[in-house]
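The values are calculated or read from the model by the stated rules, or taken from the named source; none is laboratory data. Just so it is clear, the structure is predicted and the values come from calculations on it, not from any experiment. Glycine gets a Cβ as well: all are built from the backbone with ideal geometry, and neighbour counts include every protein chain shown. Protein only, heavy atoms only, side chains kept; ligands, DNA and RNA dropped before computing areas. Shrake-Rupley method; radii C 1.70, N 1.55, O 1.52, S 1.80 Å.
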Amino acid sequence: MIGIRELARELDLSIGTVSRALNDRGEVNAETRRRVLEAAARLGYSPNQSGRSLRRGRTDLVAMIVPSGPDDTVINTVFASVLNGVKRRLGEHGFDLALFLEDGDADRLGALRRVTERGVADALIIADTESADPRVDYLLKRKKPFAAFGRTRNAARHAWVDPDFDSSVEGAVAHLAGLGHERIGLVLPDRAVHFVAVIEDGFRRALAARGLPFDDRLRLRKPAGERGGVEAAEALLSVDASPTAAIVTDSMHAVALYRGLAERGLRPGRDLSILALLPEAKAQYLLPKLTTWQTDWTAIGERLGDAVETELRIASGETAADGAPPRRVQALAPTALSDGESVSRPRALEGASPGQRRG
């Protein structure tokens, strides 16, 4: 590939003439423009993107800050599906997507500050939102266009897309209660993210609405991944008045519960019903098939792409025919029950806990 200087030298033209021809400026006659464009294609001319971006005041790049702490991984089917949707939709809007990893420490502002203050991207997408998220406050103060994959307590002030966790947990409790379950456990990842608080609050409300007891011993927060799942399984199966059903959100928690039951000669769906809220797709390979509340993660990514593009139009002062700015995207993605074999009517307890029963 060659740059504009080499291209101008090859054509024996000034750099200014070549630049005007490449940018379709009217000061260049049609024959010269034809010569320049043909030579550029033949010689593999590559424009200096940083220079073009500086002149235009934009990069046509959207940066997504990817969580990379000990409980996160970019090798995650949920996140990969979201990224696929974001990339596809941004491409339709004429933008490229760039990924930046968070530092993985307590300071979640590090990578965000660098990307923002260096002008690397026109807009940003943040994920794993906290209830009171310092990144949201920072971006609002800087007036930097952004959208969030997840709500915050300041959700009314910024663009976001989130699965409808409220409806999911309500539907999950309703489904289990309808089958006769009265003691329902809840296992959540021990993380300071907003969706965990949303699910926990919704769980309490759903139980209360049906007159079902809330037992704090059955409401667990454990580390994400297998280790937390093993701890959760041990805790749930050791309670005297044990649950007949459990709701989980982390796929590996579900895997560990399956294993914990098998070690005790018990079976999911028979001795303990297990229902997962919005797990990774790989959880569907569990046997018996896991009952889940699901959503379309790729569609969420596409909606995030729309959300950040809308924020850029709002920032540019664009208005509709009636003078109103574009409508900010603040959207809950629908969820639905996916039937499996891990949920059924509760067995008679017969005065024993699942950890004591066999067969």
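Quick one: accessible area per residue over the stretch 274-335, 1.4 Å probe, rounded to a whole number of Å²?
On a per-residue basis, 47 Å².
Around LEU101, which amide H atoms from residues at least 5 apart in sequence, or from another chain, sit under 5 Å from its own amide H, with H modelled in the peptide plane?
Answer set, sorted by chain and number: VAL66.
Any idea what angle helix 297-315 forms with the longest principal axis of the chain, computed on alpha-carbon atoms, 0 to 90 degrees, nearest 10?
Roughly 50 degrees, rounded to the nearest 10.
Exposed loop trypsin sites (Lys or Arg not before Pro) only (DSSP loop, at most 10 other Cβ atoms within 10 Å): please give the longest stretch of the chain free of them, not including the sites.
That would be 144-326.
What number results when the radius of gyration of the stretch 238-359, computed over Cα atoms, is divided by 2.2 N^0.38 Å?
Against the empirical 2.2 N^0.38 Å value, I get 1.60 for the stretch 238-359.
Specify the angular offset, from 0 to 90 degrees and rounded to the nearest 10, of the alpha carbon long axis of helix 251-263 from the longest principal axis of the alpha carbons in the chain.
Computed tilt is about 30 degrees.
Consider the candidate values (i) 45, 22, 20; (ii) 53, 20, 17; (iii) 40, 21, 18; state which one is semi-axes √(5λ) of the Cα gyration tensor in Å computed from the structure displayed.
Given (i) 45, 22, 20; (ii) 53, 20, 17; (iii) 40, 21, 18, the structure-derived one carries the label (ii).
In the chain, what percent of the accessible surface is made up of carbon and sulfur (1.4 Å probe, ligands and nucleic acids excluded)?
Result for the chain: 48 percent of the exposed heavy-atom area is carbon or sulfur.
Cα to Cα, under 24 Å, and not fewer than 8 places away if on the same chain: which lysines meet these conditions relative to LYS282?
Candidates past the 8-residue exclusion: LYS87, LYS222.
Picking from ILE300, ILE15, ILE314, which is most flexible by a Gaussian network model of the chain using Cα springs under 10 Å?
Looking only at ILE300, ILE15, ILE314, the largest GNM fluctuation is found for ILE15.
Hey, what did the chain get for relative contact order, percent, Cα under 8 Å, at least 6 apart?
In percent, rounded to a whole number, it is 18.
About its Cα centre, how strong a charge dipole does the chain have in debye, to the nearest 20, once Lys and Arg get +1 and Asp and Glu get -1 at the Cβ?
480 debye
For the stretch 164-171, what does the Karplus curve 6.51 cos²θ - 1.76 cosθ + 1.60, with θ = phi - 60°, yield as ³J(HN,Hα) per residue in whole Hz, taken in order and with x for Gly and Pro?
With coefficients 6.51, -1.76 and 1.60, one gets 7, 5, 4, 5, 5, 6, 4, x Hz.
Which one, GLY340, PRO223, ALA324, projects farthest toward the positive side of the charge dipole computed for the chain from Cβ point charges (K/R +1, D/E -1)?
Projecting each Cα onto the dipole axis, the largest value belongs to ALA324.
Mind checking the per residue accessible area of the stretch 114-247 for me, 1.4 Å probe, whole number of Å²?
39 Å²
What list of ³J(HN,Hα) values in whole Hz, one per residue of the stretch 285-295 in order, does the Karplus curve 6.51 cos²θ - 1.76 cosθ + 1.60 (θ = phi - 60°) give from phi, with Gly and Pro shown as x?
Taking θ as phi minus 60°, the curve returns 7, 5, 10, x, 4, 6, 7, 9, 9, 10, 9 Hz for the stretch 285-295.
For ASP60, which sequence-distant residues (separation of 5 or more, or a different chain) have an amide H within less than 5 Å of its own amide H, given hydrogens modelled in the peptide plane?
Close amide H contacts, sequence-distant or interchain: ASP122.
Looking at the stretch 243-347, which GluC sites (Glu not before Pro) are in a loop (DSSP not H, G, I, E or B) and have at most 11 other Cβ atoms within 10 Å?
Hits after loop and neighbour filter: GLU318.
Show the residues, 5+ positions off or on another chain, whose built amide H is closer than 5 Å to the amide H of GLU280.
Residues meeting the amide H criterion: SER251.
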